[in-house]
Amino acid sequence: MNPLPIRVSDDELLDDYSRVVTRAVDIVAPSVVSVEVSRPDAGRRGRSDPPTAAGSGFVFAADGLILTNSHVVDGSSRVQVALPDGRDCSADVVGQDPDTDVAVLRITAADFVPVAFGDSRTLRPGQLVVAIGNPYGFHHTVTAGVVSALGRSLRSRSGRLIDQVIQTDAALNPGNSGGPLVTSDGAVVGVNTAIIAGGQGLSFAVPISTVIAVLPPLLRDGRVRRGYLGIAGQNVPLLRRVTRFHRLDQDAAVLIISLEADGPAVSAGLREGDLIVGFDEQSIRTLDDLHRVLTETRIGTAARISVLRGADRVEIEVRVKERV
């Protein structure tokens, strides 16, 4: 005969939950910093940015390297970092990538406690996560919640999509940007980056897998190099008879609406009105698909662009240049 299940009291459940959260905070909080930014041109020449702004960050290397959001430090003339032990340090911007909203700072000090990176690819909806930051200037504010969804896409300020974004219900407020999103074992799996106003607690974080991918070029060059064709386009649907006629496995394409003078696309013979459907055997349905293939490795290489021009499908070779 099976024993009767033992009912666990609400107090006991809360204690277990509290222990998990406090353990994660104990591990990560010594690495979380406050970031204060001065922008001398703010408020002038029609700019609406405040003269000072605040965000969060966290130490990820023992030599004083700090991760935060690109939008926190963009346009800054001075960056000041407050450490958990009360020390204030001037920080240099090592590099930033607006396309992924990631920035790296460096401070000169000693006795850092760097975080440990987790694997954001192993997250599951419903998993407990903890966000630590400095909303509204209140240092080391802790909120907890669960992973609401995975694989979201979020539009960065540069206009490009950030892929595989983590959606959580851990409450974030202005000033949380750049702070860590951590699992119950204190491993950082994301960089908190945005909330949707009026979105009933929708919060987002750039996955640490994306951060790790852009860290080497940020540390080496201060930026992430990407390819450039010199076109402006828009996403358009394709008629079913067109896809059947050209044997395409897609229902949309990128319509070229303008071309930059002396750009790679003009030099190669692309025209306004062309519909881009392929890039070196890869189907292109949207501008975001095109952005994803224009990586650093494509700079200086020749690519075959498939376009629909009138009733014809044309293959055009374009030499990809670097976006500046």
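Just so you know, in the range 163-172 the residues that are without any contact (Cβ under 8 Å) to a residue 40 or more places away in the chain and in contact with a Phe, Trp or Tyr (Cβ under 9 Å, 6 or more places away or on another chain) include one that is surrounded by the most Cβ atoms within 10 Å (Cβ to Cβ), and it is 168. Scanning the range 157-172 for residues that are under 12 Å from residue 203 (Cβ atoms), out of contact with any helix residue (DSSP H, G or I) (no Cβ under 8 Å at 6 or more places or on another chain) and either outside any strand (DSSP E or B) or among the acidic types (Asp, Glu) (or both) returns 169, 170, 171. Every residue in the range 120-129 that is closer than 19 Å to residue 60 by Cα and modelled with pLDDT of 95 or more, please. The answer is 129, and nothing else.
Scanning the range 1-54 for residues being open to solvent by 50 Å² or more (accessible area, probe 1.4 Å) and modelled with pLDDT under 60 gives a total of 9. Take residue 274 and decide whether it is open to solvent by less than 50 Å² (accessible area, probe 1.4 Å), in contact with a Lys or Arg (Cβ under 6 Å, 6 or more places away or on another chain), modelled with pLDDT of 95 or more and charged (D, E, K, R). Yes, satisfied. A single entry from 84, 98 fulfils the requirement of being closer than 22 Å to residue 154 by Cα and surrounded by fewer than 24 Cβ atoms within 10 Å (Cβ to Cβ): 98. Within the range 196-214, if we keep just the residues that are assigned to a loop (DSSP other than H, G, I, E, B) and either in contact with an Asp or Glu (Cβ under 8 Å, 6 or more places away or on another chain) or under 18 Å from residue 126 (Cα atoms) (or both), the residue that is modelled with the highest pLDDT turns out to be 202.
State the number of residues belonging to the range 173-195 that are open to solvent by 20 Å² or more (accessible area, probe 1.4 Å) and either part of a strand (DSSP E or B) or of a type in the set (A, V, I, L, M, F, W, C) (or both). Reasoning before the result, please.
So in the range 173-195, the residues open to solvent by 20 Å² or more (accessible area, probe 1.4 Å) come out as 173-174, 177, 184-185, 194-195.
Of the ones still in play, those that are also either part of a strand (DSSP E or B) or of a type in the set (A, V, I, L, M, F, W, C) (or both) are 194-195.
Summing the residues that are open to solvent by 20 Å² or more (accessible area, probe 1.4 Å) and either part of a strand (DSSP E or B) or of a type in the set (A, V, I, L, M, F, W, C) (or both) in the range 173-195 gives 2.
Counting the residues of the range 138-160 that are touching a residue at least 24 places away in the same chain (Cβ under 8 Å), of a type outside the set (Val, Ile, Thr) and open to solvent by less than 50 Å² (accessible area, probe 1.4 Å) gives 6.
Those helices (runs of 4 or more DSSP H) of the range 235-324 in which at least 1 residues are under 28 Å from residue 223 (Cα atoms) and not charged (D, E, K, R), considering only elements entirely within it, cover 264-268, 287-293. Restricting attention to the range 231-265 and to residues that are of a type in the set (Gly, Ala, Ser) and surrounded by 20 or more Cβ atoms within 10 Å (Cβ to Cβ), the residue that is modelled with the lowest pLDDT turns out to be 233.
Take residue 282 and tell me if it is open to solvent by less than 20 Å² (accessible area, probe 1.4 Å) and not charged (D, E, K, R). Spelling it out, it is not the case that residue 282 is open to solvent by less than 20 Å² (accessible area, probe 1.4 Å) and not charged (D, E, K, R).
The values are calculated or read from the model by the stated rules, or taken from the named source; none is laboratory data. Because the structure is a prediction, the values reported are computed rather than measured. No Cβ is skipped: glycine too gets one built from the backbone with ideal geometry, and neighbour counts run over all protein chains shown. We work out accessible area using only protein heavy atoms, side chains counted, and drop any ligands, DNA or RNA first. Shrake-Rupley method; radii C 1.70, N 1.55, O 1.52, S 1.80 Å.
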